[in-house]
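Step one of this worksheet: look at the structure below.
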Amino acid sequence: METKKVVCRACDMFCNVLTDVEDNRLIKVHRDPNHPITPHSLCNKGAAFADTVYHKDRLLYPMKSVGKRGEGKWERVSWEEALDGIAERLKKIVKDYGPEAVVHTSGETVPLELARRFSNLLGSPNWIQAGYLCLGNTADVAKVTAGLMPFPDFWHTKCIVLWGHDPQPNKWTAEYLWVRDAVKRGAKLIVIDPRNCFSAKRADMHLRIRPGTDSALALAWLNVIINEELYDKEFVAKWTHGFKELKERVQEYTPERVSEITWAPVDQIRDSARMYATMGPSIMPWSSSTDQTANSTHSLRCFMILRAICGYIDVEGGELMMGYHPTIVTEDEIAMTSALSSAQMAKQVGVDFAKVHSYELWDKLNDSSEKVFGRRWTSQIHAGAMSRPAEIWTAMAEGIPYPIKSLITVGSDPLTGYTDPKHAFEGLMNLDLIVAMDIFMCPTAQLADYVLPAANWAEKLGIHNHWDWHPIVIGGEKALEPPGECRDEFHFWRELAVRMGQGNHWPWETQREYFDWRLEKTGMNFDEFMAAGGVNAPETEYKKYENTGFATPTGKFELYSTIMEEFGYDPLPRWVEQNSTYVSNPELAKEYPLTYFVGKKDDPFFQSQGRQIASLRRLMPEPAVELHPDAGYDLGLSDGDYVAVETPHGKITGVVRFSDDAHPKVARVPYRWWFPEQAPYAPNFSGAFQSQDGLLASDSKEFADPEQGMPAIRGLMCKVYKIDRPEYTSALEELSENWGGFSDAWGGQVRRDKRLENATS
């Protein structure tokens, strides 16, 4: 038996784990106690990896559709036949409509840089990715403000703020361990979350705010810190731009006013701001929750500003501006954005609305990026120039502003990944070519013309540094040969690129050769890199801005953004009440009395993955809507009732679960649900339109952050009411019998009504 060091990609934390393998058979996945970055990190998803590797429904061979789109009629083909056919059809689309008619997307657990390289060399400016909704957009706002997004120093910090973020033993496990260890060392913990979540129960202070009011609370923190002179005066005077204007702006956001907006008590607002400013160096780890509102840009600007004025930028225990690895070829370089012409960049869909995601923004930072980092078109976390999905669907469906005719998706399920999936479906049904590379036949793959079987994470080599977020480069070995004809993503992109005339830019024939090239300047090949421990990082330096300045137009940390001003946006952060809340539309709120919080990420799953894995599905058998018992009682509901959650835009169904941890005014909605056990293909598509949270939210500009185009999916109004037992439960019961029954994560049986039936029969 061999034990291999592997990069786990069961989620986007990319923890390193150990795999025991015998005769190309996975025996066990277990923790790596000696890894310098993610020691002892393993969640239930990673531990259940064998259930994915050997799942009966795993895709094993390339297939070509021989029926109507979504009909489910397939012909098995070879990789060569599939790639030849895809290339032939792509060439026709490019000839007839231009390269901009081809859209690419990749999931967060597959190599994004390869897709970007192919796309840029092809000449397409249109790229969509889950980072549009989280993290990638954060990086763009950070670049506007400081030229780079910092990485928290969990290992030396004295105060941690989890703002809408809740790492747990089975969710963002490595980060949970980093936070746990910091608290053990004496770090203070502030949690901002409407729910009494896992982290809140361990916090020194917990603020239960109204979803969607994050920028208002952050501005109140700035009000307290500035007016009480708790900020770093030397850093502010020497290294910031626009402090006077910021000080004037935050006077509008007194703790008293913001308390009314956010539900947080005045004393808590003041005390938490003081704790953050005086107990530091402090960190504020990234959170997807604050990315996904119509005030997203301003919340993210506030967080960057708080880090800066308190003196926590690029200091030990604070937020490290770590930059790029000096010798290993970075994902930024691999993407080759410079290969895309300015004429093609100008064709990016949605650029007129969401400038913060445009190539124009990127270009405005090029000179300062080159001065500080020695490179242009810096693409940290693959931020920059992501097209707005809503406009992509419109271009597909209606040809506005021009026709988009093809989608290539790798390790991604865009039909379940964004707001208003019916809009996405309308666009996808109008395409000439859809190519999907995946492990299972997810709803988007069910619409494809070609489906290609993907190697899983222990079946390929790995190198990552969280998309150039930091320069700590981590590697993982290949533990298994993939089954059937599954291939890694490098094989797909390289072979397609060669067929599309890009061969000169893809000289490596295998993934191993490609990684050897990336490591060449270190003096090691991939095997030698792994033999040396599989981790490489430059020595940490602090306050690097003292030598280079910040990679912004002013060379300073821009509290007042010159780029935002140039684009016609507010150069200072602010707060605006979102559309469709009980405050902005009190009359409609009489019908929709609750506030919903989309994105309840249940820890057995990651994004839309894992619903077909029995060992995980037993932990969360069906989509659960969390309500406080008081709210449920007022609505005439009992724990275990089937309910609809409805907004003015749409509705979903699920089972209601009562929890004292829930906020009495908030309904917490499950995330990206589909049902692999249900009938695939048209018209059902494995239940993609039954319980998916995106059905509740509109993708129209009226409900979006105007700077980024970010759809508002948190903090809007809803109602919850009892419904008859949904049809999907019959398939769930059959599945339960085949899997030997479910245990219920909520402490009872899966079916309350089934127990009653059994009791009375």
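Could you list, in sequence order, the residues of segment 274-292 that are hydroxyl-bearing (S, T, Y), over 30 Å from D699 (Cα atoms) and open to solvent by 10 Å² or more (accessible area, probe 1.4 Å)? First the steps, then the outcome.
First, pick out the residues of segment 274-292 that are hydroxyl-bearing (S, T, Y): 276, 278, 282, 287-290.
Still in the running and over 30 Å from D699 (Cα atoms): 276, 278, 282.
T278, the sole residue that qualifies.
Does segment 126-133 contain at least one residue that is closer than 30 Å to Y176 by Cα, open to solvent by 10 Å² or more (accessible area, probe 1.4 Å) and part of a loop (DSSP other than H, G, I, E, B)?
Initially, segment 126-133 is screened for residues closer than 30 Å to Y176 by Cα, giving 128-133.
Filter once more, keeping what is open to solvent by 10 Å² or more (accessible area, probe 1.4 Å): 130, 133.
Narrowing further to those that are part of a loop (DSSP other than H, G, I, E, B): 133.
Within segment 126-133, one or more residues are closer than 30 Å to Y176 by Cα, open to solvent by 10 Å² or more (accessible area, probe 1.4 Å) and part of a loop (DSSP other than H, G, I, E, B).
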- Query: Counting just the residues of segment 659-718 that are of a type in the set (D, E) and closer than 29 Å to P629 by Cα, which one comes out surrounded by the fewest Cβ atoms within 10 Å (Cβ to Cβ)?
  - Reply: D660
- Query: Of all the residues that make up segment 25-79, how many are within 20 Å of C11 (Cβ to Cβ) and not in a loop (DSSP other than H, G, I, E, B)?
  - Reply: 14
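Would you check if there is a residue in segment 503-510 being farther than 23 Å from E481 by Cα, assigned to a helix (DSSP H, G or I) and open to solvent by less than 40 Å² (accessible area, probe 1.4 Å)? Steps first, answer last, please.
Within segment 503-510, the first condition is being farther than 23 Å from E481 by Cα, and the residues that meet it are 503-507.
Filter once more, keeping what is assigned to a helix (DSSP H, G or I): 503-505.
Pick out the ones that are also open to solvent by less than 40 Å² (accessible area, probe 1.4 Å) and you get 503.
Yes: one or more hits.
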- In the set P711, P676, the lone residue that is closer than 25 Å to L135 by Cβ, touching a residue at least 24 places away in the same chain (Cβ under 8 Å) and not polar (S, T, N, Q) is P711
- For segment 190-244, enumerate the residues that are in a loop (DSSP other than H, G, I, E, B), within 18 Å of G715 (Cα to Cα) and not acidic (D, E). P194, R195, N196, C197, R208, I209, R210, P211, G212, T213
- State whether the residues of segment 634-647 include one that is part of a loop (DSSP other than H, G, I, E, B) and β-branched (V, I, T). yes
- Message: For a quick check of your reading: which helices (runs of 4 or more DSSP H) sit entirely within segment 530-594 and have at least 1 residues that are β-branched (V, I, T) and either surrounded by fewer than 21 Cβ atoms within 10 Å (Cβ to Cβ) or on the phi > 0 side of the Ramachandran plot (or both)?
- Response: 545-548, 562-567
- Message: Can you confirm whether A354 is of a type in the set (A, V, I, L, M, F, W, C), open to solvent by less than 20 Å² (accessible area, probe 1.4 Å), touching a Gly at 6+ places or on another chain (Cβ under 8 Å) and touching a residue at least 12 places away in the same chain (Cβ under 8 Å)?
- Response: yes
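What is the residue count in segment 272-289 for residues that are under 20 Å from V258 (Cα atoms) and in a loop (DSSP other than H, G, I, E, B)?
0
Residues are listed down the side, and each one gets a yes or a no for (1) surrounded by fewer than 24 Cβ atoms within 10 Å (Cβ to Cβ); (2) in a strand (DSSP E or B):
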site: C442; (1), (2): no, no
site: L452; (1), (2): no, yes
site: I463; (1), (2): yes, yes
site: H466; (1), (2): yes, no
site: K478; (1), (2): yes, no
site: P482; (1), (2): yes, no
- Members of segment 709-724 that are at pLDDT 90 or above and either part of a loop (DSSP other than H, G, I, E, B) or more than 19 Å from Y582 (Cα to Cα) (or both): K722, I723, D724
- Message: Looking only at segment 273-303, filter to residues that are farther than 28 Å from S584 by Cα and of a type in the set (A, V, I, L, M); which one of those is nearest to the chain's Cα centre (by Cα)?
- Response: M284
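The values are calculated or read from the model by the stated rules, or taken from the named source; none is laboratory data. These figures come from a predicted structure and were not determined experimentally. Heads up, the Cβs are rebuilt from the backbone with ideal geometry, glycines too, and the neighbour counts pull from every protein chain shown. Remember, those area values only see protein heavy atoms, side chains included, never the ligands or the DNA or RNA. Shrake-Rupley method; radii C 1.70, N 1.55, O 1.52, S 1.80 Å.
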